[in-house]
Amino acid sequence: MGKLVNIDTKKEVTVKDNTSLVPIAEEVGVIFACQDGMCTSCRMQIVEGMENLTPQTQNEKDNMLPAGERLACQCQIKKGTVKMKIS
C-alpha cells in the first residue's frame, strides 16, 4: 500500500500501489487545473519518499521543476509513503 501525506495540513490518504495521484491529491490539499502537466498548478515539494514515485515525465522535465518538486498530475505512487507540501 502507498500513502500520500501533506505535512502542512497533516492530511493523508492510503492507496493501492501504482495509483495515480490525480484522484487522491485533492484530498490532501493539492489544487488541479489542467491535469496534463502544463499549468503546474499541482506542483508539490516532496519532503520524503521521492523514490516511491514514478520517474519524471517529459512534461515535468519541460517545466524545469526545481530539485525535489513534482507535478501531482504526472505521478503515481509505486509503493510506500510520500510526504509532501504545496510548493
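Restricted to the stretch 55-87, and to residues that are among the acidic types (Asp, Glu) and touching a helix residue (DSSP H, G or I) at 6+ places or on another chain (Cβ under 9 Å), which residue is farthest from Ala25 (Cα to Cα)?
By that ranking, first place goes to Glu60.
Report, by residue number, each residue of the stretch 9-35 that is surrounded by 12 or more Cβ atoms within 10 Å (Cβ to Cβ) and among the charged types (D, E, K, R).
Correct list: Lys11, Glu12, Asp17, Glu26, Glu27.
Considering only strands (runs of 3 or more DSSP E) fully contained in the chain, which possess at least 2 residues that are of a type in the set (Val, Ile, Thr)? Explain how you work it out, then say what you get.
Numbers: elements: 2-6, 11-15, 43-48, 69-71, 80-86.
In the chain, 11-15, 43-48, 80-86 are the strands (runs of 3 or more DSSP E) which contain 2 or more residues that are of a type in the set (Val, Ile, Thr).
In the stretch 27-56, which residue that is charged (D, E, K, R) and more than 10 Å from the chain's Cα centre (by Cα) is modelled with the lowest pLDDT?
This residue is Asp36.
Filter the stretch 36-51 down to the residues that are among the hydrophobic types (A, V, I, L, M, F, W, C) and either surrounded by fewer than 19 Cβ atoms within 10 Å (Cβ to Cβ) or under 13 Å from Val82 (Cα atoms) (or both) and list them by number.
Answer for the stretch 36-51, where residues must be among the hydrophobic types (A, V, I, L, M, F, W, C) and either surrounded by fewer than 19 Cβ atoms within 10 Å (Cβ to Cβ) or under 13 Å from Val82 (Cα atoms) (or both): Met38, Cys39, Met44, Ile46, Val47, Met50.
Please verify whether the stretch 53-67 includes one or more residues that are touching a Phe, Trp or Tyr at 6+ places or on another chain (Cβ under 7 Å) and of a type in the set (Gly, Ala, Ser).
Just the residues of the stretch 53-67 that are touching a Phe, Trp or Tyr at 6+ places or on another chain (Cβ under 7 Å), to begin with: none.
The answer is no; no qualifying residue exists.
The values are calculated or read from the model by the stated rules, or taken from the named source; none is laboratory data. Everything quoted here is computed from the prediction, not taken from an experiment. Counting neighbours? That spans all protein chains shown, and the Cβs are built from the backbone with ideal geometry, glycine included.
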